[in-house]
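The values are calculated or read from the model by the stated rules, or taken from the named source; none is laboratory data. Remember, predicted model here, so these are calculated numbers, not experimental data. Here the Cβ is made from the backbone with ideal geometry for all residues, glycine too, and neighbour counts use every protein chain on show. Quick note on the areas: whole protein, heavy atoms, side chains included, nothing else; ligands and nucleic acids left out. Shrake-Rupley method; radii C 1.70, N 1.55, O 1.52, S 1.80 Å.
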Amino acid sequence: MSENIKEEVITEEIENNKECCNEEKCCEATKEESLEDVIVRLEEELRQSEEKFLRVHADFENIKKRLEREKYQAIDYASEKFAKDLLTPLDTLEMALKSASVNMSADELLPKLKEGIELTIKSFITTFEKHNITKVDTDGEFDPNVHNAVMQVDSSDHETGQIVSELQKGYMLKDRLLRPSMVSIAN
């Protein structure tokens, strides 16, 4: 009996080994399939990543081109707001010119033209102030940074180097000089 038991145990072990071998072969086949699946999956992920990269790169290039175009448009149209504000003084000047052709006597026309010109100048000054354009101050000492001395005059009322008169107004845009004031200074 003990031999029978031994034979049964051996038979069971052989059958178990056969099953294990079959399972190992199955496992190896499954491993091979899973490795192939992993490779396919990784290749698909790589392809998707490359597509995503190309899309992002194309978007970046499009944004770059759009920003470049917008930059040049901003430069081209930077003075648009200022130009629109200058239309009002221009309209005022045109109205003054039309009023000059109305049948009026010179005595009546002259005060109205003067008033129209004064209003136009006020309109220009208002527009300039709105856009941070200010007049260069010419009271006091000569400053070569903002004044252009075009002549020297004798003056008993002014000390040497002081501004005697302004020949042409100067203007500043914020803190940048647009045009220096042309002045005469005392000897």
Only one of (1) more than 23 Å from Ala83 (Cβ to Cβ); (2) surrounded by 14 or more Cβ atoms within 10 Å (Cβ to Cβ); (3) at pLDDT below 95 fails for Ala100. Which number is that? (2)
Cβ-Cβ under 7 Å, sequence separation 6+ or interchain: first residue in the range 154-178 and closer than 12 Å to Gly140 by Cα, partner loosely packed, with under 13 Cβ neighbours inside 10 Å and of a type in the set (A, V, I, L, M, F, W, C). Which pairs? Val164/Val153
Can Pro111 be described as part of a loop (DSSP other than H, G, I, E, B), at pLDDT below 95 and not small (Gly, Ala, Ser)? no
Test: Phe142 is in the same structural domain as Ser79 (by the TED database), open to solvent by less than 80 Å² (accessible area, probe 1.4 Å) and among the aromatic types (Phe, Trp, Tyr): no
Total residues in the range 118-151, condition assigned to a strand (DSSP E or B) and small (Gly, Ala, Ser): 1
Of the residues that sit in the range 169-187 and are open to solvent by 70 Å² or more (accessible area, probe 1.4 Å) and modelled with pLDDT of 90 or more, which one is farthest from the chain's Cα centre (by Cα)? Lys169
